[in-house]
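Peer 1: Sharing a structure, written as structure tokens. Questions coming.
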Amino acid sequence: MSQPFRTPYPGYDVLDKWDSPSFDDQTREVLRARRDPPPRRFLDPNQFALLEALCAVVIPQRRPEPVPIAPFIDAALHAGRGTGTRFATMPPERDAWLRGLEAIDAEARAAFDGRGFCELVRPKQARLLRSIDRGDCRAPEAWQEMPPQKFFRALLLKQIVQIYYSAPAAMSEIGYGGPASPRGYVRLKVGQIDPWEAPFGTWEDQA
Amino acid sequence: MTQDAPRNDRPRAVNGHAPDVFKREGQVPMREYPKNAPVDFVIVGAGCGGSVLAAKLAEAGMSVVLFDAGPFFQPRRDFASDEREQEKLYWLDPRISDGDDPIELGANNSGRAVGGSSVHFQMVSLRFRPEWFKARSKLGYGRDWPVDWREMWRYYDEVEEALKISGPIRYPWGPDRGRYPYREHEVNEAGLVLARGAEALGVDWAPTPLCTVSAPSGKSPPCAYRGMCKIGCSINAKQSMLITYVPRAIKAGAEVRDLAMVGRIETGADGRATGVSYYRDGKWRFQKAENVVAAGYSIETPRLLLNSSTAQHPQGLGNADGLVGRNLMVHANDAVWGEFDEEIRWYKGPPSMATCEHWNYADDDPSKNFDGGYSFMSQGPLPGDFAGTLTSSTGMFGDDLLEAMGRYNRMAGLKMVGESMPQVDNRVTLADETDELGLPRAKVTHSFCDNDRRLQGHGRKFMSRMMRAAGGKNLFETQSTAHLMGGCPMGDDPETSVTDDMGRVWNVDNLWICDGSLMPTGGGVNPAMTILANAARIADRIIDARFD
Amino acid sequence: MTHDRIYDTFRRRTRRPVGGIGLGAIVAGVGLGFVAAGLAARRPRSANPVKRSRNKREALRLGRDGAAIMGASVLFDSALEHLRGDFRRDEMYVAPLTGATAMAAALAEPRRRKRGRVLEVTHLSSVGIGIAGMGFHLRNISRRPGGISWNNLFYAAPLGAPGALIMSGLFGMVTHRMAQAEGYEHLHGRELACLTALALVAESGEVALLHFRGAFHDKAMYLPVTLPPLAAAGLMAQAIYPHRHFRRPLTLLLRAVEGLGYVGTGFHALGVARNSAGWRNWRQTTLAGPPMPAPISFAGLGKTGRAALDLLAVGEDQPRQNKERAAI
Ligand SMILES: Cc1cc2nc3c(=O)[nH]c(=O)nc-3n(C[C@H](O)[C@H](O)[C@H](O)COP(=O)(O)OP(=O)(O)OC[C@H]3O[C@@H](n4cnc5c(N)ncnc54)[C@H](O)[C@@H]3O)c2cc1C
Ligand code: SF4
């Protein structure tokens, strides 16, 4: 297991620019609307708990108020909003999620003496996901023909990270400039940053 | 993945007015046409092909109704600086993707809005190499276009001027093209990575000609380098169809019907088109027309033709030979990413500010082991986009992923636009399932051929060398696709093509196609300028034919 | 980057380049410059024993103002541009500071009788630093990918900008010398005409480059590349072959060039407003849009040009006066 991640940009917060020209009304509105995560409507409580556990493994958050991820996946499934692509090897998105969640739980039970995914400690959960990604499955029938890696990468990981990295907290953590309209940037070259950007970061390999 | 109810669910181009795209609020007057009297042209799809055609035909005095399935946005009010919110720009209704190398659709290559994919395209504005218009006879692969390159060259001039393309004074590759209407942009650091690499390897590079202005133009401010072009330009610096040809069309008397999904092109007893059936504001409606143009891009255009079958056209319109939907092409979008010591901060500026077209012109290089060509550009993906790229290519998650994303500001990338060969088995067909409106969905089958794979391998190797030469470390490669081309290729021979050289469907003399699906080959450059130039050419041909 | 102490220090301490601190330093420098200029200019005027012709007084005033305006333009323009460049080289601080001293020194003119060594040294050092600045800018360009390419000419350090500093120094020097000496007006006038003509041509060249970068998107952008070269031609003709002929229209033209300096500033303000979010977003748009302090240098050149014509007039009157005196 790798080191816990430490942000190279401690103290930087894109939300400090909330009242500056880097934010426009529509962006503020979108972010405001997202502050209260939508209620769970599609998954049942167990499935939802499993999804939350998965989100926590994929994006370990050590902040007091973690960025909510699972509620938005649930909401998208509820609304039936897709991504525009359905690979022929995959069932429709809703079925894929239901099947995938169930299969991951089944994998956990098969690998760890009948214990469900949520009951495992973090490192074991991670190990399990890694073997699923390798296609190393102990409960192949639970996937019902759905390719595990495709589900894991193209749906599960992708949607989780795309939700997370459009959250201001995640943007701040990687030193991204965040919303930038109508104000953009002036200084485009290395060693130069605009006063409204993140300060220079510090990385361990460069200390 | 927008979680809230869509705010864009009601048509806005109604009651004799269309939204004023340059304002947060406000409207411009728009002419409207009765449904039961035939208009000269109905155009289905307000993207690159449809908008240019609509503007030019309306300016020539014809009555035009331009349909689009997507909303009519006002960028300054509707476009947020938010990746998820902006997914509203894409065609998110599922399509089935099959084949050995199934392609990703949706955000990756299809827009759904007035303005089409140009609303969220990345503005790279390149021209075809002249020989590509005769790829079969001059270079020995693919197909020939039924057009002479010099004619296309004139139309590139025309559309580049109309869009005030900001590009170099002297472009290093191909025949002289004069200087671009606006000057090149300042190249950002991500672009200089490509530049340094190219200089180290001894190949040319150029500031990318971009479809966003480097100085004020009309009501557009110059680009503010906010770098969110792929999710829509909220300040209107980007010269998308939405703020250029569409307003021009409206001003010249065309009507735009937004949120109007055309389900069928109707044909009469004589087999000719009579108009279109479309769904708008909760109801199916019919618009009569003398001529119908399909401009829905490489998936929706074939789908529409196939969905419009009748007893007389049992396999769909223009599909007597079973060619509709075939020869669909994509661009290989393989990329090489590397880490740098200093912070590049690639989020600043349009994503691709430097380009290298070396391998589109290097026919005699002994290492060239493939037909066709490729270009590549510097990169600047938004965080969500880049995180998705990381996970789908490596499967990484947890602290490894956080750590990798923590180096976002130190990353740079090179991504290719690689030609792939037209193949009859790469195609759009109808799926068994239907969408919400009861229309059969599209199924896209795609596989690369050996030549495609050689080209991609060559590109990845070359880009890696360049990345290393520029100082990149811990390189990794990813593979994906971009752009759609073909599906209804034009040609000189009815046996092997769907339309003639002016986009008229063989055997249905008042049915036309005018979009990316006409392209017989894809070339090694981003397609929008070629689609635009071709549409401008087709418009002139139609106007000439009409007034002769 | 070891020798860029200030940049590195700021960067280490604050994880930022200059940012606010650098701006503060510049503002302080500018303030000091103004105070110094004020002090230097505070001198008894009426204690002028020799009665000078109105033309000469006018010429001295114009020459001084012209040089001062050029200095001010350098001060503000380089402060702005180097701020945009984040003062990533320590040398970049030198430009606005020299601009400030050049302006102060110019305002301290005209001195008479007292030699004013300090002023001379200041004028000359402006020239020297301007030349060095051009060297730095050339080095900056040639080190970038692309070398002397359009992209670098457009967006990297502008080659012509330090020229304004050279001009400010030279104009200061000429003003200085003509205040010291009587009887050389004709010669000084020709020198000044020649110098102004060269400066106008150089300045127009720089404007042509930058307005070309802006694709001459507004027809008014052609003005500063047409009027000044015309004026330059007129002045050059006067320098080579001083002649009363055409001097009146030339004066008008020079006034127009001067006016262009003021109007141009207004146009640039409108240009800033045409950038994303306009003046509300001034922290970006004043840097990204057309440079506000640039056009004013034409006002300075318009003034030195007229100073030259005045001096020529003085010089041409003198021999006549002398001749008349001899006849009596
Ligand atoms: C993310 C991204 C980046 C890109 N970057 C570049 C780039 O940098 N350079 C470049 O040259 N190209 C780029 N492209 C490609 C370029 O945008 C497209 O090739 C081009 O827009 C295609 O033009 P078109 O007219 O064929 O179709 P589109 O522009 O896609 O327009 C089709 C329109 O038709 C409408 N439509 C479809 N079917 C129907 C129907 N049945 N009824 C009503 N309306 C319908 C759709 O809503 C859509 O608005 C990019 C594309 C994407 C997705
Ligand atoms: S970088 Fe320029 S074109 Fe792209 S979104 Fe920003 S302002 Fe618009």
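Peer 1: Would you compute, from DSSP H runs of 4+ residues alone, the mean residue ellipticity of chain B at 222 nm, taking -39500 (n - 2.57) per run and dividing by the full residue count, rounded to the nearest 500?
Peer 2: After summing the helix terms and dividing by the residues of chain B, the value is -7000 deg cm²/dmol.
Peer 1: Now for a separate question. Based on the Kirkwood radius over alpha-carbon pairs, what is the Stokes-Einstein translational diffusion coefficient of the range C:171-285 at 20 °C with 1.002 mPa s viscosity, in µm²/s? Intermediate results must be reported in sequence, preceding the final value.
Peer 2: Working: Rh = 16.1 Å.
This corresponds to a translational diffusion coefficient of 133 µm²/s.
Peer 1: Using Cα-Cα distances under 8 Å and only pairs 6 or more residues apart, what relative contact order does chain B have, in percent? Walk me through the numbers on the way to the answer.
Peer 2: Details: 1405 pairs, mean separation 120.9, N = 548.
Once normalised by length, the contact order is 22 percent.
Peer 1: Something else now. Report the A-B buried area as the accessible area lost on both sides summed, probe 1.4 Å, in Å² to the nearest 100. Kindly include the intermediate steps, with their values, before the conclusion.
Peer 2: On the way: alone 12630 and 20530 Å², together 26880 Å².
Buried surface at the A/B interface: approximately 6300 Å².
Peer 1: Kindly compute the accessible surface that chains A and C hide from a 1.4 Å probe when together, both sides summed, and give it to the nearest 100 Å².
Peer 2: Details: alone 12630 and 16980 Å², together 27900 Å².
Its buried surface, counting both partners, is about 1700 Å².
Peer 1: Still on this model: How much net charge surrounds B:F133 when only other residues with a Cβ under 14 Å from its Cβ are counted (Lys, Arg +1; Asp, Glu -1)? Mind dumping the intermediate values first?
Peer 2: Values: positive: B:R127, B:R129, B:K134, B:R136, B:K138, B:R143, B:R150, B:R154, B:R537; negative: B:E131, B:D144, B:D148, B:E151, B:E419, B:D492, B:D501.
Its environment carries a net charge of +2.
Peer 1: Right, next: Can you find, among C:A232, B:Y141, A:A111, the residue farthest towards the positive end of the dipole of the protein assembly as shown? Put +1 on the C-beta of Lys and Arg, -1 on that of Asp and Glu.
Peer 2: C:A232
Peer 1: Could you check the simple spin-label distance between B:R465 and C:R61, using points 7 Å along Cα→Cβ, in nm with one decimal?
Peer 2: Distance between the two pseudo-spin positions: 7.1 nm.
Peer 1: Continuing with the same structure: How many Å² of accessible area per residue for the protein assembly as shown, probe 1.4 Å? Spell out each step's value before the answer.
Peer 2: On the way: 40550 Å² over 1083 residues.
In whole numbers, the protein assembly as shown has 37 Å² accessible per residue.
Peer 1: For the range A:42-58, just list the computed ³J(HN,Hα) in residue order, Karplus coefficients 6.51, -1.76 and 1.60, θ = phi - 60°, integers in Hz, with x standing in for Gly and Pro.
Peer 2: Coupling constants for the range A:42-58: 9, 7, 7, x, 5, 4, 5, 4, 4, 4, 4, 4, 5, 4, 5, 6, 5 Hz.
Peer 1: What are the radius of gyration and Dmax of the range A:14-206, computed over its Cα atoms and given in Å?
Peer 2: That works out to 19.5, 58 Å for Rg and Dmax.
Peer 1: Return P(r) of the range B:385-466 (all Cα-Cα pairs; 10 Å bins starting at 0; whole %; ordered from short to long distances).
Peer 2: Histogramming the range B:385-466 at 10 Å steps yields 14, 25, 29, 24, 8, 0 percent.
Peer 1: Any idea what the dipole of the range A:14-206 comes to, in debye rounded to 20, about its Cα centre with Lys/Arg Cβ at +1 and Asp/Glu Cβ at -1?
Peer 2: Numbers: 27 positive and 26 negative charges, 39 e Å.
That gives a dipole near 180 debye.
Peer 1: Next question. Evaluate the relative contact order of the range A:14-206 (contact order divided by residue number), counting alpha-carbon pairs under 8 angstrom at least 6 apart; express in whole percent. Display every interim value, and only then the final one.
Peer 2: Numbers: 167 pairs, mean separation 55.6, N = 193.
About 29 percent, as a whole number.
Peer 1: Still on this model: Show me, for the range B:351-358, the HN-Hα J-couplings you get by feeding each phi into the Karplus relation (A = 6.51, B = -1.76, C = 1.60, θ = phi - 60°), rounded to Hz, glycine and proline as x.
Peer 2: Karplus-based 3J(HN,Hα) across the range B:351-358 equals x, 10, 9, 9, 9, 9, 9, 3 Hz.
Peer 1: Return the lysines within reach of B:K443: Cα separation strictly under 23 angstrom, same-chain partners fewer than 8 residues apart disregarded; answer none if there are no such residues.
Peer 2: Hits, sequence-local ones excluded: A:K150, A:K158, B:K88.
Peer 1: Whole-Hz Karplus ³J(HN,Hα) for the range B:104-115, in order, using 6.51 cos²θ - 1.76 cosθ + 1.60 and θ = phi - 60°, x for Gly and Pro?
Peer 2: Taking θ as phi minus 60°, the curve returns 7, 10, x, 3, 6, 7, 9, x, 8, 5, 4, x Hz for the range B:104-115.
Peer 1: Something else now. Working from the pairwise distances between different alpha carbons, so that the mean of 1/r is found and then inverted, what is the protein assembly as shown's Kirkwood radius in Å?
Peer 2: Numbers: mean 1/r = 0.0315 Å⁻¹.
About 31.8 Å for the protein assembly as shown.
Peer 1: Now for a different question. Could you list, in their original order, any pairs among B:K23/B:K251; B:K56/B:K251; B:K230/B:K348; A:K189/B:K164 whose Cα atoms are separated by more than 20 Å?
Peer 2: Numbers: B:K23/B:K251 16 Å; B:K56/B:K251 11 Å; B:K230/B:K348 13 Å; A:K189/B:K164 25 Å.
Listed pairs above 20 Å: A:K189/B:K164.
Peer 1: Okay, moving on. Considering only protein heavy atoms and a probe of 1.4 Å, how much of the accessible area of the protein assembly as shown is carbon and sulfur, as a whole percent? Let's see the in-between values first.
Peer 2: Values: 21830 of 40550 Å².
That fraction is 54 percent.
Peer 1: Kirkwood Rh, Cα Rg: Rg to Rh for the range B:17-547? Please report the intermediate quantities before stating the final value.
Peer 2: Numbers: Rg = 21.9 Å, Rh = 23.1 Å.
Across the range B:17-547, the Cα-based Rg/Rh ratio is 0.95.
Peer 1: I would also like to ask the following. Based on Cβ point charges of +1 for Lys and Arg and -1 for Asp and Glu, what charge dipole magnitude is obtained for the protein assembly as shown about its Cα centre, in debye rounded to the nearest 20?
Peer 2: Numbers: 135 positive and 122 negative charges, 1190 e Å.
Charge dipole, the protein assembly as shown, about its Cα centre: 5720 debye, nearest 20.
The values are calculated or read from the model by the stated rules, or taken from the named source; none is laboratory data. This is a predicted model, so every value here is computed, not measured. As a convention, Cβ positions derive from the backbone with ideal geometry for all residues, glycine included, and neighbour counts pool all protein chains shown. Heads up: the accessible areas ignore ligands, DNA and RNA and are worked out on the full protein's heavy atoms, side chains in. Shrake-Rupley method; radii C 1.70, N 1.55, O 1.52, S 1.80 Å.
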